[in-house]
1. In terms of Cα to Cα distance under 13 Å, which aspartates and glutamates are near enough to K122, apart from those fewer than 8 places away along the same chain?
2. Find the relative contact order for the stretch 257-426 and round it to a whole percent, using C-alpha pairs within less than 8 Å whose residues are 6+ positions apart.
3. 7 Å from Cα along Cα→Cβ at both N114 and E295: what's the point-to-point distance in nm?
4. Give me the extension gain from F46 to S143: residue separation times 0.36 nm, minus the current Cα-Cα distance, reported in nm with one decimal.
5. On a 0 to 90 degree scale, rounded to 10, what angle separates helix 293-307 from the longest Cα axis of the chain?
6. In the stretch 155-177, which residues have a backbone nitrogen under 16 Å from the label point lying 7 Å from Q29's Cα in the Cα-to-Cβ direction?
7. Run the helix sum for the chain: -39,500 (n - 2.57) per DSSP H stretch of 4+ residues, divided by residue count, reported at 222 nm to the nearest 500 deg cm²/dmol.
8. Specify the angular offset, from 0 to 90 degrees and rounded to the nearest 10, of the alpha carbon long axis of helix 256-265 from the longest principal axis of the alpha carbons in the chain.
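Derivation of every value follows stated rules applied to the coordinates shown; laboratory data play no part. Bear in mind the structure is a predicted one, so any value in this text is a computation, not a measurement. Glycine also receives a Cβ, built like all others from the backbone with ideal geometry; neighbour counts cover every protein chain displayed.
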Amino acid sequence: MIKIFTSMVALLLSEICCAQVSPPKNAIQPFGKISQADLTMAICDFEKDANAMVLFDSANIFFDQRYQVVMDVHKRIKIFNNKGTDAANIRIEYNKGASGEMISDIQAETINLNNDKIEMTKIDRKSIYTEIIDKNRQAVVFSFPQVKPGTVIEYQYRWISPRITNIPGWFFQSRIPTRYSQLETTIPTVLNYNKLLWVNQPFVTNTESIKAMANVPSLNHEPYISSMYDNLNRVSFQLARIDGYYGYTTTIADTWEKVGKELVDYSDFGGQMNKKLTNESVIIAKAKLLKTNEEKVAYIFNQVKNALKWNHIDVFYADNGVIDAWDKKTGNSTEINLILYHLLKAAGLNVQPMLVSTRPHGKINPAYPNYYQFNRAVVFMPVDSSRNWVLDATNKNNCYKQTPEEVLNGFGLCMRVGEQKSELIYLQETTPARQEVIISLVEIIKYQPVIR
């Protein structure tokens, strides 16, 4: 059964009431300045089996004269053994296309102690390169040289966004333990943001402008944990109000209705729904000849699932477009499922596009209307008064009438295009799923005992 929530009341905790201890001394050091103790450190004192640890991870968020959001990040990591050297491979993703984000002023260096002498090796800028993920997303990628057990690596960079609604969230926790993590914010008084906190340990500094944690344990993927993201200590921001002059106030907080409308109007989402596909008329005509709606759904679903290959990219928008995906027989999850939606709709079926967040991507926060919380489109189809189908043609093993496990992750945003309405729907699957495995024995090896 799927419960439809047309209205919700969310309780946001703006602060965590807990005992506060003093932050460690000299927790953050200037770039290039390091203590002898950090260089000679052999283990993490609060997680002794760690292969590496974050010595400190700090960010300072402020607004420049053009009211761009600026974040300066400085991070330092200690490598304890060969298994920890993976921490020296850095990847910083950002959204250049839709959000206009930029990364600049990158500095990075490897620090080693050789014969009691500190040696610093700066990374050549030529070894820092930009990876194009898709037309919106890019990543800065680089690796530190001369990394070995005992090495300390550090880097810093500046992140800029022209959108005041786009203050980045901050993670106090990661896959390796963190000795100290701090976020400092300087926000103009005219801008009012909701702070959304997910924390399970006390802050060592907890003021309006600075929040910091110390001795944060690592968090690695464990069985039955649906998402690392959902379990990390973190804070995010939502612009709620702009206070202008003479008492004029503008409320910014979006609604899911508004988010849905923007998506339907977005060229890389709603603009892809009615694109005419090569030879689509053949599939549509065959579907219309079938007697029942279920037969039509099964036929079109299998046609799309078998014809298209998912490129294992999950984003809420079409990258190269549905026409390109259909012609090349490969595409991201949203392109594949928007093709499925288009063909089902053209065959006369009552279907709606829906956005979901897969389990690895994390649960959405219903109190935070924003399409960046989603990473995949699916197709929502009411069957009768008690049943709905959520169709996802990305996986060759998916069935049209069984909601895939990875999208059973809380809410989906259903856009009722014809009615110009959008609503959050809580996704559940009460019908047990059964998977049959058929093994074909092609060769029998007989064991012949040896008699002595």
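1. Once the sequence-local aspartates and glutamates are set aside, what remains near K122 is E109, E154.
2. Numbers: 321 pairs, mean separation 41.0, N = 170.
Value for the stretch 257-426: 24 percent.
3. 7.7
4. Numbers: separation 97, 0.36 × 97 = 34.92 nm, distance 2.71 nm.
The F46-S143 span can extend by a further 32.2 nm.
5. So the inclination is approximately 50 degrees.
6. Residues passing the 16 Å test: 155-156.
7. On the way: 6 runs with 61 residues, N = 452.
Calculated mean residue ellipticity at 222 nm is -4000 deg cm²/dmol.
8. Approximately 70 degrees, to the nearest ten.
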